[in-house]
Amino acid sequence: MKAFAITRAATNGSNIAYINEITLPVPQAQGHDLLVEIKAISVNPVDTKVRAGFSADTPRVLGWDAVGVVKAVGNEVTLFAPGDEVWYAGALGRPGSNSEFQLVDERIVALKPRSLDNASAAALPLTAITAWELLFDRLGVTRDGNEGDTLLIVGAAGGVGSILTQLASKLTKMTVIGTASRPASQQWVREAGAHHVIDHSKPLSEELARIGVKEVTHVASLNNTEAHYLSLIAALAPQGKLALIDDPQSLDVVPLKLKSISLHWEFMFTRSMFETRDMIAQHQLLSEVATLIDNQVIKTTLGEHYGAITAENLQKAHAQLETGRAVGKIVLEGF
């Protein structure tokens, strides 16, 4: 089968140019695995991080978002059958979705939304899982609850922010404040359902004061946490909650003490990486997100369609993501 992998480490500068096409045997489904024929994918920051950190001798197939059709199932599979159209984000320790076929554990897979085409659906799995787990599992927000609370989403125009803004504004009673620094991205966040949009390139205290907000109860910091950290602590109410998904080099927890602020880290690969007892929760939440989409409660976060799944288009997507200025998700479709 055709696959796209990172084949060389970055010696001087970037190794984006070493995303290459390779040929691999079609894998065989066993146990809880589905063999999925890939139809569409999206590119996420995790792809760029894994690519940049690559130093192995064996090429690594990238890709952690997919929509496809089940072609075969392992002997322990109970949730799916050949012919099912599915979506998922996969597991970090296994070959990725940038290939014509992929093995994936059924417990982190769901039927794709019926109302979306493949490309529109491919934009969502990884970010939907991340946003859902961050909001409901890590921050402990309740469905249709948290009236009177305020959620500040830093980086609300990106992939995770785009779906988190929708989930928080549509499924809870919180006031949602999203940050974005450019007119186009600010409009994107408003259309996602944010009650207020502020500019994270300006002092957060001044921007919150501008919209009449003295403090927030919850923060979802999706990028540049180190740069905003002390400002976020200042903005949080006593006993507030701070969640993050990015990778600061270090984080001093001591400043959280006076306000009894709790710190929460969301990493959507944890359940699949450790095969946790509640691993099937990702199947369940992706099924719920599909229903919400089909009921027109939330919508795709597709930002740009880069065309077919080729080495050239994947290189272009990686380069765009590394600018930090992508709005919504970048998707590719077909081989």
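The values are calculated or read from the model by the stated rules, or taken from the named source; none is laboratory data. Please read all numbers here as calculations on a predicted model, not as lab measurements. Cβ coordinates were reconstructed from backbone atoms using ideal geometry, including for glycine residues, and neighbour counts include every protein chain displayed. Side chains are part of the model used for accessible areas, which takes the heavy atoms of the whole protein and leaves out ligands, DNA and RNA. Shrake-Rupley method; radii C 1.70, N 1.55, O 1.52, S 1.80 Å.
Can you tell me the convex hull volume per residue for the stretch 212-271, based on C-alpha atoms, in Å³ to the nearest whole number?
Details: hull volume 5.7 nm³, N = 60.
Looking at the stretch 212-271, the number lands at 95 Å³ per residue.
Give Lys173/Lys214; Lys214/Lys257; Lys170/Lys316; Lys214/Lys241 a once-over and call out the pairs whose C-alpha atoms are over 22 Å from each other.
On the way: Lys173/Lys214 18 Å; Lys214/Lys257 20 Å; Lys170/Lys316 34 Å; Lys214/Lys241 16 Å.
Exceeds cut-off: Lys170/Lys316.
Taking N as the number of residues in the stretch 99-183, what is its alpha-carbon radius of gyration divided by 2.2 N^0.38 Å? All intermediate terms of the calculation are to be shown ahead of the outcome.
Details: Rg = 14.8 Å, N = 85, 2.2 N^0.38 = 11.9 Å.
Cα Rg divided by the expected 2.2 N^0.38 Å: 1.25.
Let me have the relative contact order for the stretch 112-244, percent, based on Cα pairs under 8 Å that are six or more residues apart.
23
Placing +1 on the Cβ of each Lys and Arg and -1 on the Cβ of each Asp and Glu in the chain, which of Val61, Ala326, Phe269 has its Cα farthest towards the positive end of the resulting dipole?
It is Ala326, whose Cα lies furthest towards the positive end.
Could you name the aspartates and glutamates whose alpha carbon sits less than 16 Å from that of Lys112, not counting residues in the same chain fewer than 8 places away?
Counting by Cα, and skipping residues close in sequence, Lys112 has these aspartates and glutamates nearby: Glu37, Asp65, Asp84, Glu85, Glu288, Asp294, Glu333.
At 1.4 Å probe radius, can you tell me the per residue accessible area of the chain in Å²? Please list the in-between numbers first.
On the way: 14430 Å² over 335 residues.
That works out to 43 Å² per residue.
Rounded to the nearest 20 debye, what is the charge dipole size of the chain about its Cα centre when +1 sits on each Lys and Arg Cβ and -1 on each Asp and Glu Cβ?
Values: 29 positive and 36 negative charges, 109 e Å.
For the chain, the charge dipole is close to 520 debye.
Report the relative contact order of the chain, percent, no decimals, based on alpha-carbon pairs under 8 angstrom and at least 6 residues apart. Could the numbers behind the result be given before it?
Details: 768 pairs, mean separation 64.9, N = 335.
The normalised contact order for the chain reaches 19 percent.
Residue-wise, which Karplus ³J(HN,Hα) couplings in Hz belong to the stretch 259-264, taking 6.51 cos²θ - 1.76 cosθ + 1.60, θ = phi - 60°, and x for glycine or proline?
With coefficients 6.51, -1.76 and 1.60, one gets 8, 6, 7, 9, 10, 10 Hz.
Stick to the Cα atoms of the stretch 80-123, pair each with every other, and give me the Kirkwood hydrodynamic radius in Å at one decimal.
Numbers: mean 1/r = 0.0873 Å⁻¹.
Its Kirkwood hydrodynamic radius stands at 11.5 Å.
Work out, in µm²/s and without decimals, the Stokes-Einstein translational diffusion coefficient of the stretch 254-315 at 20 °C, 1.002 mPa s, Rh from Kirkwood over C-alpha pairs.
Values: Rh = 16.0 Å.
The calculation lands on 134 µm²/s.
If Rh is defined by the Kirkwood formula over all Cα pairs and Rg also comes from Cα, what ratio Rg/Rh do you get for the stretch 1-146?
Working: Rg = 16.3 Å, Rh = 16.2 Å.
For the stretch 1-146, the value is 1.01.
Work out, step by step, the length gained on full extension between Ser260 and Val26: first 0.36 nm times the residue separation, then minus their alpha carbon distance; give nm to one decimal. Display every interim value, and only then the final one.
Details: separation 234, 0.36 × 234 = 84.24 nm, distance 5.21 nm.
This chain segment gains 79.0 nm when fully extended.
What whole-number volume per residue, in cubic angstrom, does the convex hull of the C-alpha atoms of the chain give?
Values: hull volume 44.5 nm³, N = 335.
So the per-residue hull volume is 133 Å³.
In percent, what relative contact order does the stretch 172-227 have, based on Cα pairs under 8 Å that are 6 or more apart in sequence?
About 27 percent, as a whole number.
Pull up the DSSP beta bridges for the chain and report the antiparallel fraction as a percent, rounded to 5. Display every interim value, and only then the final one.
Details: 31 of 54 bridges.
Beta bridges within the chain, antiparallel portion: roughly 55 percent.
Which residue fluctuates most in the GNM of the chain (Cα springs below 10 Å): Ala89, Ala281, Ala180?
Most flexible of the set in this elastic network: Ala281.
Kirkwood hydrodynamic radius for the stretch 193-335: how many Å is it when counted over pairs of different Cα atoms?
On the way: mean 1/r = 0.0542 Å⁻¹.
18.5 Å is the Kirkwood radius here.
Taking only Cα atoms of the stretch 139-227, what ratio of Rg to Rh do you get with Rh as the Kirkwood inverse-distance radius? Display every interim value, and only then the final one.
Details: Rg = 11.9 Å, Rh = 12.8 Å.
Result for the stretch 139-227 is an Rg/Rh of 0.93.
Quantify, in whole percent, the carbon and sulfur part of the accessible surface of the chain (1.4 Å probe; protein heavy atoms only). Show your work: numbers first, answer last.
Values: 7050 of 14430 Å².
The nonpolar share, carbon plus sulfur, comes to 49 percent.
Using only alpha carbon positions, build the gyration tensor of the stretch 50-121, then give the equivalent ellipsoid semi-axes as the square roots of 5 times its eigenvalues, largest first, whole angstrom.
Values: eigenvalues 115, 47, 18 Å².
Output for the stretch 50-121: semi-axes of 24, 15, 9 Å.
What is the diffusion coefficient of the stretch 133-178 in µm²/s, taking the Kirkwood radius over Cα pairs and the Stokes-Einstein relation at 25 °C with a viscosity of 0.890 mPa s? List each step's numbers first, then the result.
On the way: Rh = 10.4 Å.
Estimated diffusion coefficient is 237 µm²/s.
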